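A short worksheet on the structure shown next.
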Amino acid sequence: MINIKPKYLVYILRALPNFFWPLKLIIQKKTLKKVGQNFKFGPNCLFLDHRLIEIGNNVFIGDYSIINTIVPVLIGDNVMFGPEVMLIAGDYNFSIVGKTIKESKEGGKNFQIVIENDVWIGSRAILLKGVKIGEGSVIGAGSVVTKSMPPYAICAGNPCKPIKCRFNADELKSHLCILASKYTFDQIQALYASWNIKIN
């Protein structure tokens, strides 16, 4: 990892036209905290603070996506983002008497974002601080994710909610076994029950 302050990295990347995309790609990859193999992203993506972002293997991030964070963002393997996805993992403390919000940078409630393996996030989805997107989930385009989503769920809306499981019960059990998932069927079923959703 090359340690460059975020504001300087932004200046460097904005100064380089997209004609120098291969150079921008190398700079972006080298400044991230951790990058797996076969990581691809659009030339207009922005990753700040890049020193806090960890990305797994076979990840694709669509063009004009933004990861804006002051806490860790962890992205697993085989994850896909559509274009213009936003991850926002930072907050201001807006309850200090006698200070403007801009002055109150410290003390906000800041929690990391975790995106587990095999997740697909649709175009223009927004993920806010503290959410975990469970393994194998699909987040619909334009969704605003304010709470953690269970594994293998199809999720959508503002606020985003799980709608149903991608598989029926027998298919899910088989899928978990084939992929050697860290989740058991019973664990997933319990997570769905908290949303009043039954896996048929």
> Under a point spin-label approximation (7 Å from Cα along Cα-to-Cβ), what is the Asp186-Lys161 distance to one decimal in nm?
Replying inline: 2.9 nm
> Measuring with a 1.4 Å probe in the full set of protein chains, what accessible area per residue, in whole Å², belongs to the range 58-152?
Replying inline: 48 Å²
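What is the magnitude of the charge dipole of the range 91-169 about its Cα centre, with +1 placed on the Cβ of each Lys and Arg, -1 on the Cβ of each Asp and Glu, and no other charges, expressed in debye to the nearest 20? Mind dumping the intermediate values first?
On the way: 11 positive and 6 negative charges, 48 e Å.
About 240 debye.
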> If we sort 187-199, 115-127 on the protection proxy, mean other Cβ atoms within 10 Å, highest first, what's the order?
Replying inline: 115-127, 187-199
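Want the number for Ile154 to Asp170: 0.36 nm per residue separation, take away the alpha-carbon distance, what's left? Provide the component values of the computation, followed by the final result.
Working: separation 16, 0.36 × 16 = 5.76 nm, distance 1.73 nm.
Length gained, Ile154 through Asp170: 4.0 nm.
Can you pull the Kirkwood radius for the range 91-190, inverse mean 1/r over Cα pairs, to one decimal in Å? It would help to have the intermediate numbers written out before the result.
Numbers: mean 1/r = 0.0663 Å⁻¹.
With all distinct Cα pairs of the range 91-190 included, I get 15.1 Å.
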> Tell me, in nm to one decimal, what length is gained between Lys29 and Val97 on full extension, where the rule is 0.36 nm per residue of separation less the Cα-Cα distance?
Replying inline: 20.4 nm
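Distance check, please: which entries in Lys24/Lys147; Lys99/Lys161; Lys7/Lys40 exceed 25 angstrom between their Cα atoms? Kindly include the intermediate steps, with their values, before the conclusion.
Working: Lys24/Lys147 33 Å; Lys99/Lys161 36 Å; Lys7/Lys40 23 Å.
Flagged as over cut-off: Lys24/Lys147; Lys99/Lys161.
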> Want the number for Ile178 to Phe20: 0.36 nm per residue separation, take away the alpha-carbon distance, what's left?
Replying inline: 52.7 nm
> Rounded to the nearest 0.05, what FRET efficiency is calculated for Ser104 and Val10 with R0 set to 25 Å and r the Cβ-Cβ distance?
Replying inline: 0.60
> Going by alpha carbons, how many degrees (0 to 90, nearest 10) lie between the helix axis of 169-178 and the longest principal axis of the chain?
Replying inline: 60 degrees
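Report the convex hull volume per residue for the range 35-168, counting only C-alpha atoms, in Å³.
On the way: hull volume 12.9 nm³, N = 134.
Expressed per residue, the convex hull around the Cα atoms of the range 35-168 is 97 Å³.
The values are calculated or read from the model by the stated rules, or taken from the named source; none is laboratory data. Keep in mind it's a predicted model, so treat the numbers as computed, not measured. Backbone-built Cβ (ideal geometry, glycine too); neighbour counts: all protein chains shown. Ligands, DNA and RNA are stripped out before the accessible areas are found, and what is left, the full protein with its side chains, is counted by its heavy atoms. Shrake-Rupley method; radii C 1.70, N 1.55, O 1.52, S 1.80 Å.
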